[in-house]
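K.L.:
Let me give you the structure first, and then I'll get to my questions.
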Amino acid sequence: MEIRTVTHPIAAPQIKPGELQTSSKGQKSLPVMYANEAQGDRVFIFPGKLEVPFNPTAYQQPEASRLNLCFAPTDEFKAVILAIDEQIRIALDNRLKEVFGNQVEELNYHSPLKDGKNGHRHVRTKINLDGKGALRCWNSRKQLQAYPEDWMSLSVSARIWVRSVYIMGQKECGLTLECLDVSLDQKTVTCPF
């Protein structure tokens with residue numbers, strides 16, 4: 001078995017997927033951790049100020065409390081996500097049989113970096129609206145505030161947890177990014193006339 005390695009942008013954390021876990025509902029995942037365990041057990045990225053292309057949603061579930069919050073990534077943020085994706089792909093290629101069983105020859109990996117219908121890319125993260133892991137929104141005075149009604153009118157600085165790799169079926173997987181905190185700033189709008 002050939003083991004591949006890769007170098008990453010300076011801001012990209014060196015990571016590795018942990019041991020396979022199965023939830024009480026039967027969902028399989030691999031937690032993501034730093035390659036150097038001395039750095040801690042949770043991997044966070046801080047991509048700087050980002051735009052939100054559309055308000056958080058859960059597909060066909062209007063009452064859901066776990067939503068997708070997407071960001072329009074900067075080039076640097078895209079590079080970090082692509083570097084994380086590459087590390088996950090390499091690690092899973094080396095563990096294909098262990099994670100998926102003997103019948104799988106090729107990995108079907110889903111990146112959180114998505115291409116939209118309008119040709120614009122976005123990074124998909126998950127947020128919880130209630131419970132222990134609920135998203136916390138902060139204003140410029142570092143005080144908690146309510147969730148905004150219109151995310152598209154704001155600039156957002158996020159603290160994103162590189163949480164896990166989800167496993168679906170016999171050969172599909174993808175990276176779960178969870179947004180735990182956001183600092184919100186009103187966009188400055190200038191008169192077009």
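The values are calculated or read from the model by the stated rules, or taken from the named source; none is laboratory data. These numbers come from a predicted model, not from an experiment. All Cβ positions, glycine included, derive from the backbone under ideal geometry; neighbour counts span all protein chains shown. Only protein heavy atoms, including side chains, enter the accessible area calculation; ligands, DNA and RNA are left aside. Shrake-Rupley method; radii C 1.70, N 1.55, O 1.52, S 1.80 Å.
K.L.:
Does L82 qualify as being in contact with a Ser or Thr (Cβ under 6 Å, 6 or more places away or on another chain) and either assigned to a loop (DSSP other than H, G, I, E, B) or within 28 Å of L154 (Cα to Cα) (or both)? Spell out how you get there, then give the answer.
P.N.:
Values: in contact with a Ser or Thr (Cβ under 6 Å, 6 or more places away or on another chain): no; either assigned to a loop (DSSP other than H, G, I, E, B) or within 28 Å of L154 (Cα to Cα) (or both): yes.
No.
K.L.:
Another question, if that's okay. Select, from E86, E105, the only residue that is in contact (Cβ under 8 Å) with a residue 40 or more places away in the chain and among the acidic types (D, E). Can you show your working first?
P.N.:
Numbers: E105 fails: in contact (Cβ under 8 Å) with a residue 40 or more places away in the chain.
Residue meeting the stated conditions: E86.
K.L.:
May I ask you to list pairs of residues, at least six apart or on different chains, whose Cβ atoms are under 7 Å apart, with the first in the range 152-170 being among the polar types (S, T, N, Q) and the second being assigned to a strand (DSSP E or B) and open to solvent by less than 20 Å² (accessible area, probe 1.4 Å)?
P.N.:
Short answer, once both residue conditions are applied: S157/V182; S164/L30; S164/V32.
K.L.:
Restricting the range 108-137 to residues that are without any contact (Cβ under 8 Å) to a residue 12 or more places away in the chain and assigned to a loop (DSSP other than H, G, I, E, B), which is nearest to Q61 (Cα to Cα)? Walk me through how you get there before you give the answer.
P.N.:
The initial filter retains those residues of the range 108-137 that are without any contact (Cβ under 8 Å) to a residue 12 or more places away in the chain, namely 115, 117-119, 132, 134.
Filter once more, keeping what is assigned to a loop (DSSP other than H, G, I, E, B): 117-119, 132, 134.
Details: K117: 21, N118: 23, G119: 25, K132: 21, A134: 18 Å.
For the range 108-137, the residue satisfying everything is A134.
K.L.:
Could you run through the range 168-186 and say how many residues are within 21 Å of the chain's Cα centre (by Cα) and either open to solvent by 20 Å² or more (accessible area, probe 1.4 Å) or more than 30 Å from K97 (Cα to Cα) (or both)?
P.N.:
Restricting attention to the range 168-186, the residues satisfying the condition of being within 21 Å of the chain's Cα centre (by Cα) are 168-169, 171-184.
Next, only the ones that are either open to solvent by 20 Å² or more (accessible area, probe 1.4 Å) or more than 30 Å from K97 (Cα to Cα) (or both) stay: 168-169, 171-172, 176, 179-184.
Summing the residues that are within 21 Å of the chain's Cα centre (by Cα) and either open to solvent by 20 Å² or more (accessible area, probe 1.4 Å) or more than 30 Å from K97 (Cα to Cα) (or both) in the range 168-186 gives 11.
K.L.:
Still on this model: Can you pull out the residues in the range 29-60 that are open to solvent by 90 Å² or more (accessible area, probe 1.4 Å) and either at pLDDT 90 or above or part of a strand (DSSP E or B) (or both)?
P.N.:
From the range 29-60, those open to solvent by 90 Å² or more (accessible area, probe 1.4 Å) are 37-39, 41-42, 46, 49, 59-60; that's our starting set.
Those that are open to solvent by 90 Å² or more (accessible area, probe 1.4 Å) and either at pLDDT 90 or above or part of a strand (DSSP E or B) (or both): R42, F46, K49.
K.L.:
Sticking with this one: Pull up the range 19-28, narrow it to residues that are hydroxyl-bearing (S, T, Y) and over 23 Å from N94 (Cβ atoms), then point me to the one that is surrounded by the most Cβ atoms within 10 Å (Cβ to Cβ). Spell out the reasoning first.
P.N.:
Filtering the range 19-28 for residues hydroxyl-bearing (S, T, Y) gives 22-24.
Remaining after also requiring over 23 Å from N94 (Cβ atoms): 23-24.
Numbers: S23: 8, S24: 5.
Step by step, filter the range 19-28, then rank; the result is S23.
K.L.:
Restricting the search to the range 90-129, which residues are charged (D, E, K, R) and either touching a His at 6+ places or on another chain (Cβ under 8 Å) or exposed (fewer than 13 other Cβ atoms within 10 Å of the Cβ) (or both)?
P.N.:
Result: K97, E98, E105, E106, K114, D115, K117.
K.L.:
Determine if the range 141-152 includes at least one residue that is assigned to a strand (DSSP E or B), over 17 Å from F77 (Cβ atoms) and modelled with pLDDT of 90 or more.
P.N.:
Within the range 141-152, the first condition is being assigned to a strand (DSSP E or B), and the residues that meet it are 144-145.
Now restrict to residues that are over 17 Å from F77 (Cβ atoms): 144-145.
From what's left, modelled with pLDDT of 90 or more: 144-145.
Yes, that holds for at least one residue.
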